Amino acid sequence: MQTLGFIIIQLFSLIYMFSLFSYIQIFSRIEDTIILNINVLLILIINVYITYMFDSISKKNILENEVNLYKQQSEFQYKYYDNLEKKYQGSRKLAHDIRNHLYTIEELYKINDTNSAKEYTNDIHKMLNELNQRYYTSNKVLNIILNDKFDYIKEKDIDIICRIGDVDLSFIRDIDITTIFANLLDNAIEATLEIEKNAYIKLDINKFNELLVINISNSIINKPIYKNKKFKSTKENHNGLGIENIKKSLEKYDGTMMIDYKEDEFKVNIVIPI
């Protein structure tokens, strides 16, 4: 909208200046010519000022967007390391009590209470699994994002299938890793939360020849809102900026994004030259 408004103002100014030049040719009085020339000069000054203001606003918006992305990335990292600390403390407590747990299981087997012993053992396995931090990829930032998002997905009873090949993402800036993957997963989560059962998210990241290929698909119950060549978020006060931010990040690496959807599935395909 800002760009459109800027173009309209510039066009209006050009038309107005052209009209003034026409009047200058018509009027022969020096006083009229001076007044018209002053008007032309004022229009030029206003145009320069508007151009400067538009450029400043654009730079301010870009800077604010980048600050928000850095803030989002910092929040991911804080949550990740805070979670690591909690799991570390949990592992210390479990290690401290492990002898007692083993003794209890041993005594249960001695009195032939195998069912209770198996149940107790399963509880210990669950505790150990909860302490594990999943390793999805060698890229630290992406691993943080995936752990954060997948932990949330599991709480919501959404099936997640993640397949990541031997890919090197070091050529992509951390802030763009955050922009691309956090927004892709947020959009997928938003759609699947509307589904009561059989909701799923699939993420595939692989290298083919000299191309990095990212595919993400998720189940949907409602078709996405597509208006003015843009996808709109169903959330209140959200305007589908996630997709636009992904596109801006991809432009830095000559990447492309294709979106496809059918009645029950939404797919995003991203290709980035390596």
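Pick from the range 230-274 the residues that are among the polar types (S, T, N, Q) and in a helix (DSSP H, G or I): which of them is modelled with the highest pLDDT?
Restricting to residues being among the polar types (S, T, N, Q) and in a helix (DSSP H, G or I), the top hit is 249.
Looking at the range 85-120, which of its residues are surrounded by 13 or more Cβ atoms within 10 Å (Cβ to Cβ) and modelled with pLDDT under 70?
Residues satisfying the conditions are 87, 90, 91, 94.
Exactly one of (1) at pLDDT 80 or above; (2) closer than 24 Å to residue 272 by Cβ; (3) over 18 Å from the mean Cα position of the chain (by Cα); (4) basic (Lys, Arg) is unmet by residue 202. Its number?
It is condition (3) that residue 202 fails.
For the range 163-190, enumerate the residues that are hydrophobic (A, V, I, L, M, F, W, C), touching a residue at least 60 places away in the same chain (Cβ under 8 Å) and surrounded by 15 or more Cβ atoms within 10 Å (Cβ to Cβ).
172, 175, 180, 182, 184, 188
The values are calculated or read from the model by the stated rules, or taken from the named source; none is laboratory data. No experiment lies behind these values; they were computed from the predicted model shown. Cβ coordinates were reconstructed from backbone atoms using ideal geometry, including for glycine residues, and neighbour counts include every protein chain displayed.
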